[in-house]
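Asks: Here it is: the structure, laid out below.
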Amino acid sequence: MELYQSTIHELQDKIKEGKTTATAITKSVLQRIDAVEEKVHSYIRVMKDEALSAAAEADKEIKKGNIKPLSGISIALKDIVCTKGIATTCGSHILHNFVPPYDASVVEKLRAAGAIFVGKTNMDEFAMGSSTETSYFGPTRNPWDLERIPGGSSGGSAAAVAADECVASIGSDTGGSIRQPAALCGIVGMKPTYGRVSRFGLIAFASSLDQIGPFTKDVEDCAIMMNVLAGYDRRESTSVNIDVPDYRQFAGRDIKGWKIGIPKEYFVEGIDPEVKAAIEASIKTMEKCGAQSVEISLPHTQYCLAVYYIIAPAEASSNLARYDGVKYGFRAPASELLDMYKKTRMQGFGAEVKRRIMIGTYALSAGYYDAYYKKASQVRALIKKDFEEAFKKCDVILTPTTPTPAFKIGEKTDNPLQMYLSDIFTISTNLAGIPGISLPCGFTKSGLPVGVQFLAGHFQEGKLIQVASAYERKAQIEKRRPKL
Amino acid sequence: MEFETVIGLEVHAQMLTETKIFCSCSTKFGAAPNSHTCPICLGMPGVLPVLNKKVVEYAMKMALATNCAINPTCEFARKNYFYPDLPKGYQISQYAYPLAEHGWLELEVNGGKKRIGITRIHMEEDAGKLLHDEHNPVSYVDLNRTGVPLIEIVSEPDIRGAEEAADYLKRLHEILVYLEICDGNMEEGSFRCDANVSIRPKGQKEFGTRAELKNMNSFRNVQRGLEYEIKRQQYIVENGGTIVQETRLWDDAQGVTNSMRGKEEAHDYRYFPDPDLVPVIVDEAWIGKIRADMPELPQAKRERFISEYQISAYDAGVLTSEKALAGYFEEVVAICAKPKQAGNWLMGDVMKFLNEDKKTIRECPITAASLAEMINLIDAGTISGKMAKDIVEEMYQSGKNPREVIAEKGMVQITDEAALAKTISSIIDANPQQLADYRAGKEKLFGFFVGQVMKATQGKANPQIVNDLLKKMLAK
Amino acid sequence: MKLTAQEVEYVAHLARLEITPQEKEKFTAQLNDILLYIDKLNELDTKGVEPMSHAIGVTNAFRADKVAASIGTEKTLANAPDGRGEFFRVPKVIE
């Protein structure tokens, strides 16, 4: 097996045993990027020189016996997290040349844990999309079928892990942007509880929904990443100051006697039959693990998408007002201020971003606030309550991550509403602020990955690691690699 | 037709904190452009605000001082609009849930008392500054002021005239400065005022159409601007016109208000709760702590001065116009126990010197102890009031205490009766005609003799003793 | 139609987006689709439900009033499309 194919824990063992070095891993990954990046296009920027010099530094530390949780591990960052001195574009023309003078908190944490950053990954512009097609830098392709989308918005980060162009990566999830691409690319992706991982330095899409999380090749790696990422940050007002457990300790535990909630509302809409079959098999696997499945109800499920498509654009319309051509980024030439604003934003933003700014602006505008934003915020409260009630009856909830496997590039670009529906199973999690994980649960006949999603109560990431790792061991999903 | 004026005021006061409201940049005025800035106040992508606790505490002080009810929960909202001095494209302010509401401030109106209602007090961030190029069609943006903490104090439309408005502002200003939460500097924009003005026929209940008046950066300009605006509105109505709801700018040089029409559109600020900031919960314990930390407020101090020191309402007003002055006065009185004299010296000579030098009482070279000592020396007859006038000036110039000045200048009063009797007898001897006239009944000549004694002693003779001796010796 | 082309124009102006006549037409249709879908929220009675603006109930997150170094004029202006001297420069506001 090549180094670039390995998991974090496999590489960590090798580093500890002196069988490999940070430089060797980094070179291996960079070579893999050279080999497949043209086909997949996971990255907006590959940080070759930075990665090699960081790896050389890491090797000095390792030699001194200073081995950290991610020493020498090649990590890719979604281009939505700010990196000091390195352009951070958010997949947008309007930020194509923006170089932040600061690092995001997660970047600081990962670096302190020894991570080697190999690049900034592609994404839907401002994380608005479910396919990574809205990127100013062109689409990313699904490593399992280059005609298809990798999911989104963190499609580049998911594809990079699936294509072995990095060992693990960072994504952000506002309505499913980690879990949906993880499912469509056949890897593990977690959205932590809102407030669990610092948002400082994460370019905002919808501030009350955004959360950073990891993409990994297996559940144990997810736990390792969460150990590094989770924790209070005084630079974020919504950060929650409660202890972070060692997530790795949950990875080996069994789930005997657990109640697995199956929400009946998630199995009525048009789910692809192959996805449905894979999920039904997953439920059986849970029972083999000694858990019991119980039917639960999340009565407001059918309203989640509508609530999301008010709240997220409303917040986004305000969050994206700062891109005005004055302080940084793209500016269109104009001789008059109003004209400068309008042309800059017209030329700087893509169609999907403009569409959402329009919806959000409308939903907040005079006379419509109560009917849209306020109404949605009220229904959001009901959705959160649904989950609180549900978790009285079960330990975790099991659902499909997506209604269908990866669709074809261009298939839904002209129908925004159809595109939005691909997030139908992931959105409620963000509205309620609870954590969720997606992991592979099989393949379709044509070889496309299918993901299963587990949800738990606030700050119960440990439970998610526990149930996902139990599932992973029991299900023994075939270890395939995309042919590239 | 007789009109009634209806005015409501919106005051923005800059909080005297070290750092900005949501980041750790300095709030100091006058720094090089765009130097007190960081990714947070510059509105760079991905950064987040964290609230400065002191801003909440300062705002709470103002709320308590103006009899407001502090809401148990308040939250921040975004006010969305585009302008180059607003780097995020929204201002973080408070909207549906302000910090405090339902307060009032008491004014003295025509000898009686009148309460002006305070609708609300909320916290918000200031915007930056835009400088317009005079020769080219461009503007320059300085973001140092962006994120400087403000409180906005909104009054009810209870004010009935320009003078009353100015009075209300002075009272508010005085409280802010007393609380040491705002430096009150109107030129630097630490204390700004916008006014909503309308008129209505006397007796009418409904409000007239109002104009919003901006750009009045001194108490005097507020009064002038309002007076002009009231007259303008009356003229329009009296001539059959109608008032337009609009924003008008006060032009200090021309002494008029001008419409901003066309420069702004209908506002649609799209307020919504800021998801990056969390609710502020204020419990009774916190309010109690702030209350315990409150200084005595000007109104209460004035009333106490009148009753405790038996001074006039006017004097009490002057002496409490500044917290430091009141403090100085009380220090002097604590030592010499002569409030009337202390007040007179302070309001007379000392304030005159300070005003001439544009100094505040904090910078006064005469310590309270020195002034008290001087008053005691007058009382003891060691110096005369006339001498004291020279001494206090010397104390102010040199910073020396009165004993030092007296010693240096040999200014001690002559109270030695024998020596004075000797002087008097030689004066009597030298003026036989005047003595004869006096004894013949021309009592007015008594003053002549006093003058001669003072001249001979260079004014150092104790007047009381001179009086007594002269009476005795002239009568012989 | 929930939204007229005229309203789309107004919203685009509020959001400072220039839109072409074609875009206006397209946006009007697409936004109407989305708003119609969103209309399903009106099936729900939400009277008395407290609106939820935060996912987690954190309150009173404060900073101490302590000055930390600013980044300086040079870094402040480093990304500016039109930084002049110590300032950001913008086209004049036409009044």
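The values are calculated or read from the model by the stated rules, or taken from the named source; none is laboratory data. Because the structure is predicted, anything quoted here is derived from the model rather than measured. All Cβ positions, even for glycine, are placed from backbone atoms using ideal geometry, and neighbour counts span all protein chains on display.
Asks: Restricting attention to region A:307-331, and to residues there that are more than 10 Å from chain B (Cβ to nearest Cβ) and buried (at least 24 other Cβ atoms within 10 Å of the Cβ), which single residue is farthest from A:Tyr136 (Cα to Cα)? Steps first, answer last, please.
Replies: Residues of region A:307-331 more than 10 Å from chain B (Cβ to nearest Cβ): A:307-310, A:312-313, A:316, A:330-331.
With the extra rule that they be buried (at least 24 other Cβ atoms within 10 Å of the Cβ), the set shrinks to A:307-310, A:312-313, A:316.
Working: A:Val307: 27, A:Tyr308: 24, A:Tyr309: 22, A:Ile310: 24, A:Ala312: 21, A:Pro313: 19, A:Ala316: 18 Å.
This residue is A:Val307.
Asks: Kindly establish whether A:Gly85 is surrounded by fewer than 21 Cβ atoms within 10 Å (Cβ to Cβ) and closer than 29 Å to A:Ile15 by Cβ. Full working, then the answer.
Replies: Working: surrounded by fewer than 21 Cβ atoms within 10 Å (Cβ to Cβ): yes; closer than 29 Å to A:Ile15 by Cβ: yes.
In short, yes.
Asks: Give region B:74-105 a look and list any residue that's touching a helix residue (DSSP H, G or I) at 6+ places or on another chain (Cβ under 7 Å) and under 13 Å from B:Phe272 (Cβ atoms), or say none.
Replies: Scanning region B:74-105 gives B:Arg78, B:Asn80, B:Tyr90.
Asks: Would you check which residues across region A:130-142 are within 15 Å of A:Lys408 (Cβ to Cβ) and touching a residue at least 60 places away in the same chain (Cβ under 8 Å) and list them?
Replies: Of everything in region A:130-142, those that are within 15 Å of A:Lys408 (Cβ to Cβ) and touching a residue at least 60 places away in the same chain (Cβ under 8 Å) turn out to be A:Ser130, A:Ser131, A:Glu133, A:Pro139, A:Thr140, A:Arg141, A:Asn142.
Asks: While we're here: Inspect all residues belonging to region A:43-57 and state whether any of them is under 17 Å from the mean Cα position of the chain (by Cα) and not in a helix (DSSP H, G or I). I'd like the intermediate steps shown before the answer.
Replies: Step one: of region A:43-57, the residues under 17 Å from the mean Cα position of the chain (by Cα) are A:43-44.
Filter once more, keeping what is not in a helix (DSSP H, G or I): A:43-44.
Yes, region A:43-57 contains a residue that is under 17 Å from the mean Cα position of the chain (by Cα) and not in a helix (DSSP H, G or I).
Asks: Further question: When you scan region A:117-127, do you find a residue that is within 14 Å of chain B (Cβ to nearest Cβ) and of a type in the set (Asp, Glu), even just one?
Replies: Looking only at region A:117-127, we keep the residues that are within 14 Å of chain B (Cβ to nearest Cβ), and these are A:120, A:123, A:125-127.
Applying the additional criterion that residues be of a type in the set (Asp, Glu) yields A:125.
Yes, some residue in region A:117-127 is within 14 Å of chain B (Cβ to nearest Cβ) and of a type in the set (Asp, Glu).
Asks: In region B:336-366, which residue that is among the β-branched types (Val, Ile, Thr) and under 16 Å from B:Ala388 (Cβ atoms) is surrounded by the most Cβ atoms within 10 Å (Cβ to Cβ)? Give the steps one after another, and end with the answer.
Replies: The initial filter retains those residues of region B:336-366 that are among the β-branched types (Val, Ile, Thr), namely B:350, B:360-361, B:366.
Okay, now just the ones that are also under 16 Å from B:Ala388 (Cβ atoms), so B:350, B:366.
Details: B:Val350: 23, B:Ile366: 26.
That would be B:Ile366.
Asks: Report the residue count in region B:145-167 for those that are farther than 23 Å from B:Glu57 by Cα and crowded, with 24+ Cβ neighbours inside 10 Å.
Replies: Pass one, region B:145-167, residues farther than 23 Å from B:Glu57 by Cα: B:156-167.
Next, only the ones that are crowded, with 24+ Cβ neighbours inside 10 Å stay: B:159, B:165.
Count: 2.
Asks: I've got another one for you. As an exercise: evaluate A:Ala334 against (1) free of Cβ contacts under 8 Å to residues at least 40 places away in the same chain; (2) more than 13 Å from chain B (Cβ to nearest Cβ); (3) not aromatic (Phe, Trp, Tyr) and give the number of the one condition it does not meet.
Replies: The single condition A:Ala334 does not satisfy is (2).
Asks: Pull up region B:12-26, narrow it to residues that are more than 9 Å from chain C (Cβ to nearest Cβ) and surrounded by 24 or more Cβ atoms within 10 Å (Cβ to Cβ), then point me to the one that is nearest to B:Lys61 (Cα to Cα).
Replies: First pass over region B:12-26, keeping only residues more than 9 Å from chain C (Cβ to nearest Cβ): B:12-16, B:20-21.
From the residues that got through so far, the ones that are surrounded by 24 or more Cβ atoms within 10 Å (Cβ to Cβ) too are B:13-15, B:20-21.
Details: B:Ala13: 13, B:Gln14: 14, B:Met15: 11, B:Lys20: 18, B:Ile21: 16 Å.
Restricting to residues being more than 9 Å from chain C (Cβ to nearest Cβ) and surrounded by 24 or more Cβ atoms within 10 Å (Cβ to Cβ), the top hit is B:Met15.
Asks: Looking at (1) buried (at least 23 other Cβ atoms within 10 Å of the Cβ); (2) touching a Phe, Trp or Tyr at 6+ places or on another chain (Cβ under 6 Å); (3) free of Cβ contacts under 8 Å to residues at least 24 places away in the same chain, can you tell me which one B:Pro45 breaks?
Replies: All conditions are met except number (2).
Asks: Does B:Pro279 fit the bill of being on the phi < 0 side of the Ramachandran plot, buried (at least 16 other Cβ atoms within 10 Å of the Cβ), within 14 Å of chain A (Cβ to nearest Cβ) and free of Cβ contacts under 8 Å to residues at least 12 places away in the same chain?
Replies: On the way: on the phi < 0 side of the Ramachandran plot: yes; buried (at least 16 other Cβ atoms within 10 Å of the Cβ): yes; within 14 Å of chain A (Cβ to nearest Cβ): yes; free of Cβ contacts under 8 Å to residues at least 12 places away in the same chain: no.
Judged against the criteria, B:Pro279 is not a match.
Asks: Go through region B:298-323 and report how many residues are out of contact with any Asp or Glu (no Cβ under 9 Å at 6 or more places or on another chain) and outside any helix (DSSP H, G or I).
Replies: 3
Asks: Tell me whether region B:241-257 contains one or more residues that are without any contact (Cβ under 8 Å) to a residue 24 or more places away in the chain, more than 34 Å from the chain's Cα centre (by Cα) and more than 30 Å from A:Ala363 (Cβ to Cβ).
Replies: yes
Asks: Residue by residue through region B:71-117, note down the ones that are among the β-branched types (Val, Ile, Thr), within 14 Å of another protein chain (Cβ to nearest Cβ) and farther than 30 Å from A:Asp339 by Cα.
Replies: Within region B:71-117, the first condition is being among the β-branched types (Val, Ile, Thr), and the residues that meet it are B:73, B:92, B:109, B:116.
Then keep just the ones that are within 14 Å of another protein chain (Cβ to nearest Cβ); that gives B:73, B:92.
The answer is B:Thr73, and nothing else.
Asks: Let me ask something additional. Output the qualifying pairs, or none if there are none: Cβ atoms under 8 angstrom, residues six or more apart or on different chains, first residue in region A:264-285 and surrounded by fewer than 18 Cβ atoms within 10 Å (Cβ to Cβ), second residue among the acidic types (Asp, Glu) and outside any helix (DSSP H, G or I).
Replies: Between residues of region A:264-285 that are surrounded by fewer than 18 Cβ atoms within 10 Å (Cβ to Cβ) and residues that are among the acidic types (Asp, Glu) and outside any helix (DSSP H, G or I), the close pairs are A:Lys264/A:Glu295.
Asks: Here are A:Ala112, A:Ala104: which of them is over 24 Å from A:Arg32 (Cα atoms), touching a Lys or Arg at 6+ places or on another chain (Cβ under 9 Å) and either modelled with pLDDT under 95 or within 14 Å of chain B (Cβ to nearest Cβ) (or both)? It would help to see each step written out before you state the result.
Replies: Values: A:Ala112 fails: either modelled with pLDDT under 95 or within 14 Å of chain B (Cβ to nearest Cβ) (or both).
Going through A:Ala112, A:Ala104 in turn, just one is over 24 Å from A:Arg32 (Cα atoms), touching a Lys or Arg at 6+ places or on another chain (Cβ under 9 Å) and either modelled with pLDDT under 95 or within 14 Å of chain B (Cβ to nearest Cβ) (or both): A:Ala104.
Asks: Count, please, the residues in region A:355-374 that happen to be facing chain C (nearest Cβ under 7 Å), surrounded by fewer than 23 Cβ atoms within 10 Å (Cβ to Cβ), out of contact with any Pro (no Cβ under 6 Å at 6 or more places or on another chain) and part of a helix (DSSP H, G or I).
Replies: Qualifying residue count for the region: 1.
Asks: Report the residue count in region B:94-145 for those that are among the hydroxyl-bearing types (Ser, Thr, Tyr) and closer than 16 Å to C:Gly83 by Cα. Write out each step before concluding.
Replies: First, the residues of region B:94-145 that are among the hydroxyl-bearing types (Ser, Thr, Tyr): B:95, B:97, B:119, B:139-140.
Subsequent filtering for residues that are closer than 16 Å to C:Gly83 by Cα retains B:139-140.
Residues that pass the stated criteria total 2.
Asks: Out of C:Lys2, C:Lys26, I need the residue that is under 22 Å from the mean Cα position of the chain (by Cα), more than 9 Å from chain A (Cβ to nearest Cβ) and either at negative phi or among the charged types (D, E, K, R) (or both). Which one? I'd like the intermediate steps shown before the answer.
Replies: Details: C:Lys26 fails: more than 9 Å from chain A (Cβ to nearest Cβ).
Result of the check over C:Lys2, C:Lys26: C:Lys2.
Asks: Something else now. Taking the stated definitions as given, is B:Glu206 assigned to a loop (DSSP other than H, G, I, E, B) and in contact (Cβ under 8 Å) with a residue 24 or more places away in the chain? Spell out the reasoning first.
Replies: Numbers: assigned to a loop (DSSP other than H, G, I, E, B): yes; in contact (Cβ under 8 Å) with a residue 24 or more places away in the chain: no.
It is false that B:Glu206 is assigned to a loop (DSSP other than H, G, I, E, B) and in contact (Cβ under 8 Å) with a residue 24 or more places away in the chain.
Asks: Now, a different point. Being in a helix (DSSP H, G or I), farther than 30 Å from A:Thr193 by Cα and aromatic (Phe, Trp, Tyr) is true for just one of C:Tyr37, C:Tyr10. Which residue is that? Show your work before the answer.
Replies: Details: C:Tyr37 fails: farther than 30 Å from A:Thr193 by Cα.
Result of the check over C:Tyr37, C:Tyr10: C:Tyr10.
Asks: Another question, then. Looking only at region B:283-297, which residues are in contact (Cβ under 8 Å) with a residue 60 or more places away in the chain and part of a helix (DSSP H, G or I)? Give the steps one after another, and end with the answer.
Replies: At the first step, the residues of region B:283-297 found to be in contact (Cβ under 8 Å) with a residue 60 or more places away in the chain are B:283, B:286-287, B:290-291, B:293-295, B:297.
The answer is B:Trp286, B:Ile287, B:Ile290, B:Arg291.
Asks: Would you please name the residue that is nearest to A:Arg331 (Cα to Cα), looking only at residues in region A:79-107 that are of a type in the set (Val, Ile, Thr) and assigned to a helix (DSSP H, G or I)?
Replies: At the first step, the residues of region A:79-107 found to be of a type in the set (Val, Ile, Thr) are A:80-81, A:83, A:86, A:88-89, A:94, A:99, A:106-107.
With the extra rule that they be assigned to a helix (DSSP H, G or I), the set shrinks to A:94, A:106-107.
On the way: A:Ile94: 8, A:Val106: 29, A:Val107: 28 Å.
Step by step, filter region A:79-107, then rank; the result is A:Ile94.
Asks: Another one. Looking only at region B:31-58, how many residues end up being at the interface with chain C (Cβ under 7 Å from one of its Cβ atoms) and over 20 Å from B:Pro84 (Cα atoms)?
Replies: 5
Asks: Which of the residues spanning region A:239-248 are touching a residue at least 12 places away in the same chain (Cβ under 8 Å) and either over 21 Å from the mean Cα position of the chain (by Cα) or in a loop (DSSP other than H, G, I, E, B) (or both)? Lay out the reasoning, then the answer.
Replies: Our first condition is that a residue be touching a residue at least 12 places away in the same chain (Cβ under 8 Å); within region A:239-248, this holds for A:239-240, A:242, A:244-248.
Residues satisfying the conditions are A:Ser239, A:Val240, A:Ile242, A:Val244, A:Pro245, A:Asp246.
Asks: Within region A:88-115, how many residues are within 18 Å of A:Glu236 (Cβ to Cβ), surrounded by fewer than 22 Cβ atoms within 10 Å (Cβ to Cβ) and among the small types (Gly, Ala, Ser)?
Replies: Counting residues in region A:88-115 that are within 18 Å of A:Glu236 (Cβ to Cβ), surrounded by fewer than 22 Cβ atoms within 10 Å (Cβ to Cβ) and among the small types (Gly, Ala, Ser) gives 1.
Asks: Being farther than 17 Å from B:Asn67 by Cα, in contact with a strand residue (DSSP E or B) (Cβ under 6 Å, 6 or more places away or on another chain) and part of a loop (DSSP other than H, G, I, E, B) is the filter; apply it to region B:158-189 and report the residue that is modelled with the highest pLDDT.
Replies: Only one residue tops the list, namely B:Cys182.
Asks: Here's something else I'd like to know. Residues in region A:408-433 that are more than 17 Å from A:Gln302 (Cβ to Cβ), more than 12 Å from every other protein chain (Cβ to nearest Cβ) and among the acidic types (Asp, Glu): how many?
Replies: The number of residues fulfilling the criteria is 1.
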